[in-house]
């Protein structure tokens, strides 16, 4: 239920001016208009604030990503080269990560894929082991598909042969027991 408060200044009424009905109507219209304007302003401010926050978040994310990308591309870090630690080489983060990945993939592993330094347990590099496992998995999947089809065909063939053999034996056994001289 809506509540409407109207205050009138009746001293203002003079002869020849607005009637009390006109004054009440004008006051109601003004109050309703003011309420509608305030609600519209509030909704517009909320929408504007939401849109501004969205734009600020997008801009902040873009600036942050640009700063990080620039940092990764341009920053060089010293890497010790040589056995005595006297030679320095400056590399970017991308170059460091690429080098570490290559180093990791070229280390020797045992049959379980664990790094090993013993020449007795070495089966190859990590890359060889990973590609071998993937190839083995792919080959196993293909072999399982093929054997599944072959197994189904073999089972069907054996079932038909056994069924035919049993029917032949049953019918020859039944025919031996029938005395055809008594039928007639």
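Entry remark, segment 68-98: residues being out of contact with any strand residue (DSSP E or B) (no Cβ under 8 Å at 6 or more places or on another chain) and either touching a residue at least 12 places away in the same chain (Cβ under 8 Å) or loosely packed, with under 12 Cβ neighbours inside 10 Å (or both) number 14 in total.
Return yes when residue 141 is modelled with pLDDT of 85 or more and either in a helix (DSSP H, G or I) or in contact with a helix residue (DSSP H, G or I) (Cβ under 8 Å, 6 or more places away or on another chain) (or both) and no when it is not.
Working: modelled with pLDDT of 85 or more: yes; either in a helix (DSSP H, G or I) or in contact with a helix residue (DSSP H, G or I) (Cβ under 8 Å, 6 or more places away or on another chain) (or both): yes.
So residue 141 passes the test.
Yes/no matrix, rows are residues, columns are (1) within 34 Å of the chain's Cα centre (by Cα); (2) modelled with pLDDT under 80:
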site	(1), (2)
6	no, yes
12	no, yes
18	no, yes
27	no, no
34	no, no
48	yes, no
67	yes, no
74	yes, no
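The values are calculated or read from the model by the stated rules, or taken from the named source; none is laboratory data. From a predicted model like this one, the values you see are computed outputs, not experimental measurements. So basically every Cβ, Gly included, is an ideal-geometry build from the backbone, and we count neighbours across all protein chains shown.
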